[in-house]
Amino acid sequence: MTHAIPLGLVGLGTIARNQHLPSLEDVPAFRLAAIASRNASLDGLPGYADIDAMLAAEPDLGAVSLCTPPQGRFAQAAAALRAGKHVMLEKPPGASVSEVMALDRLAQAQGVTLFATWHSREAAAVEEARALLAGAMIRRVRIDWKEDVRHWHPGQQWIWQAGGLGVFDPGINALSILTRILPDPVFPLSALLEVPENCQAPIAARLSLQTSRGAPVEAEFDWRQTGPQTWDIHVETDGPEVLLREGGAKLFVDGAARISAEDREYRRLYARFAELIAAGQRDVDLAPLQLVADAFLLGERQMTEPFHD
Ligand code: NAP
């Protein structure tokens, strides 16, 4: 039996409390050993104002998990990597593609693991969808990712600022699944980005993409959806018709329900982080973030009415 790796967690916000803390209790490979938070503390755990103070005071930490917003994550990750720690990044892995490439090189030079996580890829039905599509000719893909930002992101200012991604903050989850399940690469042809006039990031986006074999992929991301929420990916092929619903938790094949399972995404992420560390490997797939960056490169921006929480 190997010893649990002491882990320091940075940023005690929504995702840290809802997913990281309960998952860490269930994954024996790690032991939560310290917290870095500007505002919060946890009973019985050493707490520090920021990651630099945590790294200085806790030399025995083996790993660091960053649950902060993407802007500012580079400096935190670089500090942890330079201190020789294995690092796990929330999605999106950074505020730009090139900063994450720089982190990956730093991790390689330091000989430590960098894991850029994509939690939606760990949803229950994603791997089965990938297997079904492995030998298929893709005919058409349709993504609908529509949710109510006021419900899911109340008071979060960073998502509206540059590098916060706006509606691509959830939308990148769809793109992380898409790039996992399709047998061919995809790239955007055009994008329409609706940006509230008081924000720097889009509240809605429509993307037209194409697979490398020419199949159209239409994606609609919208943060203004009240009522039922939609996280669907529909793939038509020359073989089975594959529909992922509820963010990859449910799978329908040719209209028939095949998988519906409980959410274990973050437990699987921490288990995978432990495997990567044990194997001395890194896992940094930038494809989803690259698609978002390309959508910004190609996108036509349309101003919309101001957004107020
Ligand atoms: P959040 O609720 O705003 O929490 C982020 C935490 O990071 C804050 O509570 C704060 O913790 C710390 N922080 C450090 N610098 C900050 C800054 N300049 N502005 C705001 N917070 C700062 O955000 P979140 O929803 O947890 O999202 C964090 C990351 O997880 C994002 O990349 C997001 O895409 C990802 N994620 C979120 C969800 C979700 O459902 N919310 C799901 C999956 C992934 P301290 O006060 O402790 O310092």
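The values are calculated or read from the model by the stated rules, or taken from the named source; none is laboratory data. Predicted model only: the values in this text are computed from it and were never measured. Neighbour counts are summed over all protein chains in view; Cβ atoms, including those assigned to glycine, are modelled from backbone coordinates with ideal geometry. With ligands, DNA and RNA removed, areas are computed over all heavy atoms of the protein, side chains included. Shrake-Rupley method; radii C 1.70, N 1.55, O 1.52, S 1.80 Å.
Just so you know, the averaged projected area of the alpha carbon convex hull for the stretch 33-122 sits at 6.1 nm². Note: relative contact order over the stretch 155-255, using C-alpha pairs below 8 Å and six or more positions apart, is 20 percent.
Note on the chain: with a GNM built from Cα contacts shorter than 10 Å, the maximum mean-square fluctuation among LEU298, LEU114, LEU42 falls on LEU42.
Approximating the spin labels as points 7 Å out from Cα along Cα→Cβ, the HIS308-to-GLN281 distance works out to 5.1 nm.
Note on the stretch 4-60: Cα-Cα pairs beyond 17 Å make up 33% of the total pair count.
Averaging 1/r over every pair of different alpha carbons in the chain and inverting the result gives a Kirkwood radius of 20.1 Å. Take the stretch 139-276 with all the other protein chains still there, run a 1.4 Å probe, and you get 43 Å² of accessible area per residue. A simple rule links phi to the HN-Hα coupling: the Karplus curve 6.51 cos²θ - 1.76 cosθ + 1.60 with θ = phi - 60°, which for the stretch 120-133 gives 5, 5, 8, 4, 4, 9, 5, 5, 5, 4, 4, 5, 5, 8 Hz, with x for Gly and Pro. Only helical runs count toward this figure. For the chain, summing -39,500 (n - 2.57) over DSSP H runs of n ≥ 4 and dividing by all residues gives -8500 deg cm²/dmol at 222 nm. Partner lysines whose Cα lies under 24 Å from the Cα of LYS146, excluding those fewer than 8 positions away in the same chain, are identified as LYS91, LYS250. Normalised by residue count, the stretch 82-134 yields a Cα convex hull volume of 110 Å³ per residue. If you fit an axis through the alpha-carbon atoms of helix 168-181 and take the longest principal axis of the Cα set of the chain, what angle between them do you get, 0 to 90°, nearest 10? With both axes taken from Cα atoms, the answer is about 80 degrees. Dividing the Cα radius of gyration of the stretch 207-309 by its Kirkwood radius returns 1.02 for Rg/Rh. Legend: P(r) of the stretch 31-73 from all alpha carbon pair distances, 10 Å bins from 0, whole percents, reading 27, 60, 12. Averaged over residues, the count of other Cβ atoms within 10 Å places the peptides 278-286, 230-238 in the sequence 230-238, 278-286, highest first. If I take R0 = 30 Å and measure r between the Cβ atoms of VAL97 and ASN39 in this structure, what FRET efficiency does the formula 1/(1 + (r/R0)^6) give, to the nearest 0.05? The formula returns an efficiency of 0.50 here. Using a probe radius of 1.4 angstrom, the carbon and sulfur fraction of the accessible surface of the chain is 48%.
The order of the peptides 199-208, 299-308 by mean Cβ neighbours within 10 Å, most packed first, is 199-208, 299-308.
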